[in-house]
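The values are calculated or read from the model by the stated rules, or taken from the named source; none is laboratory data. Keep in mind that this is a model prediction, so the values were computed, not measured. Heads up, the Cβs are rebuilt from the backbone with ideal geometry, glycines too, and the neighbour counts pull from every protein chain shown.
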Amino acid sequence: MKSFCFFNSCENATWAALSSSTASPTIFSYLAVTKGLALFVMMLIPLIGGFASRSLADVPDTTSVHQLEGIVVVANSENTPVREVGSSVTVITAEEIERSQQQSVTEILRNVPGLDVVQTGARGGLTSVCMRGSNSGHTLVIVDGIEMNDPSSPNGAFDFADLSVDNIERIEVLRGSQSILYGSEAIGGVISIITRTGAGARKTTLSANYGAFSTSKVSAVTSGSTARVSYSLSASRTDSKGFSATESLVSNERDDYGLTSLSGKLVVRPSDYSQVKLTVRSSDSKTDLDKGFSSFTNFGVFDDLNNLQSSRKIFLKAEADISDSSQVWRGKVSASFASTDRTATDSTDAAFGAGFQDSKYDSETLHFGLKGILTPIDNQRLIVGVETERESLSQNTDFGFGASSLSNIHAITTGVYALAQLSASDKLFVTLGVRNDDHERFGNHASARATATLAPRGFGTRIKASFGGGFNAPTLFQLFDPLYGDPTLQPEESESWDIGIEQRLFAGRANMGVTWFHQSINNIFGFDPATFRTINIASALSEGVEVFADVKLNQFFARLDYTYTDAIDKVDGSSLLRRAKNKIVFRATYTPNKLTSASVRVRHIGARFDNDFEMFPAQRVTLGSYTVVGLTAQRKVFEGLTVTGRIENLFDKQYQDVWYYATSDRAVYFGVRYSL
């Protein structure tokens, strides 16, 4: 079977990069059993909920805000109560991020159901997210509405390596095809990051952290508001000596990493019915890269000691919002700019003589949007919009076996969409949406999506379902790269659906739910080794179940998430690379008082397949399952001052997310946070 691979890419192959081995004959029986269990649990949940509701009918309703009464933005691009959302969405709040003590968004996302997070080595290594078995290029990442995906990347994916948690108010993870509102690159789902909007008197927080691998981070965040102006601003610097990305038998050379991040938001309200919002975010990083293998040099596994990469990203957005005094209609106009500059250099060394690779990629995305929101009566909303986007790319590359260059290659896409949100008797909520995108390279593409939620008040039950189609346009790299591109490529196309049920138990002290999902993607981009060109080559199917349960008893909170994902090539039934069938995350937090809290996190990742490119042709290998445990604790010493500590990989588990790439040993970190 033909395969597709780019060095150090997050999957080291797309959907089609599979070995010739066929799937185990038990795969489909496993899936059948899982479907049966999911359906059984779906039928059982309402019965459990009914019993719990009757037995505690006189207990006050303390429904978890996160679970049933919260607000999400990403599902319909406007504030929508969770109980009205038919799609599967996970919300991570600023409080949860702070309690986790994690410094990168990557580590936060590792615990989200349905996500496979893959990182090549230490901090700064290429990091990607696959959602419900899809490719990393099928996940759209947005920050305050700014699209972050990199047009210069081979598959258009966003590299999470340099995304810090600074100034983040919440992260919303929306699973399933979302092309109706977000166009291309969202057929697997959307990760939306919303930064802080200042409120009240000025508050400034200074923090410092230090720990394993000589890792240090200092940051400052300030925010506040007046009657008409809100603001937030953050700055941070991270440095780490890291660890060697290659296995210790090859090299113990540590991979240095440095990152400077800035984030800011300014909101001005000229009147009670209008506002102007300005957002900026930037990062500047330098990373010491290891190469884990080389099929071209016959050196096998090696550590290239002078392979360096620098990355500079800047994201800007301006948005104006106006409405009438009755809030029946609102209008928004926006403009955003995203720029990514990446440079990789591999200078002459004794082992290889001439530099192995030198490359420079510069990409820009300019986006304009106009949106109207009509709300004639409560819980009835019509959203219509038009947006146009221009992506451009310039590159110069030399991988040692061929040089190529592109200058200001671009593509323009214009999309028109409409979404209706309807409700009946405050119990049934339905959304219907259509969209058409006109891409100047391959023409028009239409998409549709529908969701439904049944959430009668007083029962604590929410039944949800969604169905949608999506598409993913080929990247500028895939279209025009002199060595690998093909301008005749057609977009990838997807269909996805999910159905689930959630139940509040014991007056909101516990919640449980199950969702069954299905996604099919056709025209997947692959690589033809005979011509060295990208082609539409394969089809893939991903099915599975997401189950959760949580409980809150006084100062104790615990949550268990289980995800089963069966992602296969539809041609030969073989499993897709680096997608774990089983993922379990358990989290528990104990807060005895307002001064102290402690948490434990256990994450189990099942066995996955990968490719060993030291062999030619590449051979399929198995990445073993693993379980890692993390601990965190924090204590408020006095008003404004908090000390923190965390341990990652408590039992020093040795494992791999990517073949040949090492992961962190046991690591201890300490920090201090002061607010004034």
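Yes or no, residue by residue, for (1) among the hydrophobic types (A, V, I, L, M, F, W, C); (2) at pLDDT 85 or above; (3) touching a Phe, Trp or Tyr at 6+ places or on another chain (Cβ under 9 Å):
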| position | (1), (2), (3) |
| --- | --- |
| Glu84 | no, yes, yes |
| Arg99 | no, yes, no |
| Leu109 | yes, yes, yes |
| Ser134 | no, yes, yes |
| Asp150 | no, yes, yes |
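Quick check on this structure: which one of Phe315, Phe337 is crowded, with 19+ Cβ neighbours inside 10 Å, at pLDDT 85 or above and closer than 25 Å to Arg281 by Cα? Spell out how you get there, then give the answer.
Values: Phe337 fails: crowded, with 19+ Cβ neighbours inside 10 Å.
The unique qualifying residue is Phe315.
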Q) Based on what the data block shows, is Ala538 hydrophobic (A, V, I, L, M, F, W, C) and surrounded by fewer than 18 Cβ atoms within 10 Å (Cβ to Cβ)? A) no
Q. How many residues does region 617-672 contain that are over 27 Å from the mean Cα position of the chain (by Cα) and among the charged types (D, E, K, R)?
A. 3
**Q.** Checking Phe459 against (1) out of contact with any strand residue (DSSP E or B) (no Cβ under 8 Å at 6 or more places or on another chain); (2) part of a strand (DSSP E or B); (3) not β-branched (Val, Ile, Thr), the condition it does not meet
**A.** (2)
Q. Can you pull out the strands (runs of 3 or more DSSP E) entirely within region 517-597 that have at least 1 residues that are aliphatic (A, V, I, L, M), under 16 Å from Asn135 (Cα atoms) and at pLDDT 90 or above?
A. 533-553, 556-569
Q. So which residues in region 621-642 are assigned to a strand (DSSP E or B) and either farther than 17 Å from Tyr590 by Cβ or aromatic (Phe, Trp, Tyr) (or both)?
A. Val621, Thr622, Leu623, Tyr626, Thr627, Val628, Val637, Phe638, Leu641
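So that you can scan it fast, the table gives a plain yes or no per residue for (1) outside any strand (DSSP E or B); (2) at pLDDT 85 or above; (3) more than 18 Å from Val218 (Cβ to Cβ); (4) not small (Gly, Ala, Ser):
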site: Ser236; (1), (2), (3), (4): no, yes, no, no
site: Ser244; (1), (2), (3), (4): yes, no, yes, no
site: Glu253; (1), (2), (3), (4): yes, no, yes, yes
site: Leu262; (1), (2), (3), (4): no, yes, no, yes
site: Val268; (1), (2), (3), (4): no, yes, yes, yes
site: Val276; (1), (2), (3), (4): no, yes, yes, yes
site: Val280; (1), (2), (3), (4): no, yes, yes, yes
site: Thr297; (1), (2), (3), (4): yes, no, yes, yes
(Q) Being part of a loop (DSSP other than H, G, I, E, B), within 27 Å of the chain's Cα centre (by Cα) and not basic (Lys, Arg) is true for just one of Leu479, Leu483, Leu489. Which residue is that? (A) Leu489
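So in region 359-380, with the set limited to residues that are of a type in the set (Gly, Ala, Ser) and within 30 Å of Ser310 (Cβ to Cβ), which one is modelled with the lowest pLDDT?
The qualifying residue modelled with the lowest pLDDT is Ser359.
Each row is one residue, and each column tells you yes or no for (1) at pLDDT below 90; (2) surrounded by 15 or more Cβ atoms within 10 Å (Cβ to Cβ); (3) at positive phi.
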residue: Gln357; (1), (2), (3): yes, yes, no
residue: Leu382; (1), (2), (3): no, yes, no
residue: Val386; (1), (2), (3): no, no, no
residue: Thr397; (1), (2), (3): yes, yes, no
residue: Gly400; (1), (2), (3): yes, yes, yes
residue: Thr414; (1), (2), (3): no, yes, no
residue: Leu432; (1), (2), (3): no, yes, no
residue: Arg457; (1), (2), (3): yes, no, no
Q: Please enumerate the residues belonging to region 630-676 that are surrounded by 18 or more Cβ atoms within 10 Å (Cβ to Cβ) and modelled with pLDDT under 95.
A: Asp657, Val658, Trp659, Tyr660, Tyr661, Ala662, Thr663, Ser664
Q. For region 643-676, what are the residues that are among the hydrophobic types (A, V, I, L, M, F, W, C), over 20 Å from Lys241 (Cα atoms) and not in a loop (DSSP other than H, G, I, E, B)?
A. Val643, Val658, Val672
Q) If you take the residues of region 396-452 that are without any contact (Cβ under 8 Å) to a residue 12 or more places away in the chain and in a strand (DSSP E or B), which of them is farthest from Ser177 (Cα to Cα)? A) Ala403
Q) Going by the structure shown, is Gly443 at pLDDT below 95, over 30 Å from Phe506 (Cα atoms) and among the small types (Gly, Ala, Ser)? A) yes
Q: Being under 11 Å from the mean Cα position of the chain (by Cα) and not in a loop (DSSP other than H, G, I, E, B) is the filter here, so list the residues in region 144-161 that pass it.
A: Phe160
Q) With respect to Val628, is the statement that it is among the β-branched types (Val, Ile, Thr), in contact with a Gly (Cβ under 9 Å, 6 or more places away or on another chain) and within 18 Å of Arg559 (Cβ to Cβ) true? A) no
Q: Select, from Thr627, Thr591, the only residue that is closer than 30 Å to Phe506 by Cα and either surrounded by fewer than 19 Cβ atoms within 10 Å (Cβ to Cβ) or in contact (Cβ under 8 Å) with a residue 24 or more places away in the chain (or both).
A: Thr591
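Could you please find all residues in region 573-588 being hydrophobic (A, V, I, L, M, F, W, C), within 12 Å of Asn111 (Cβ to Cβ) and in contact (Cβ under 8 Å) with a residue 60 or more places away in the chain?
Correct list: Val585 only.
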Q. When region 90-103 is examined, which residues are found to be out of contact with any Asp or Glu (no Cβ under 6 Å at 6 or more places or on another chain) and farther than 18 Å from Thr205 by Cβ?
A. Thr90, Ile92
Q.
Can you tell me which condition Val571 does not meet? The list is (1) under 30 Å from Ser405 (Cα atoms); (2) β-branched (Val, Ile, Thr); (3) surrounded by fewer than 21 Cβ atoms within 10 Å (Cβ to Cβ), and all the others hold.
A. (1)
(Q) What's the total number of residues in region 78-113 that are over 24 Å from Arg237 (Cβ atoms), surrounded by fewer than 21 Cβ atoms within 10 Å (Cβ to Cβ) and polar (S, T, N, Q)? (A) 3
Q. So which residues in region 504-516 are over 30 Å from Gly468 (Cα atoms) and not in a helix (DSSP H, G or I), if there are any at all?
A. Leu505, Arg509, Ala510
Q: Provide a single number: the residues in region 223-240 that are crowded, with 16+ Cβ neighbours inside 10 Å and out of contact with any Gly (no Cβ under 8 Å at 6 or more places or on another chain).
A: 2
Q.
When you scan region 467-477, do you find a residue that is touching a residue at least 24 places away in the same chain (Cβ under 8 Å) and farther than 28 Å from Ala75 by Cβ, even just one?
A. yes
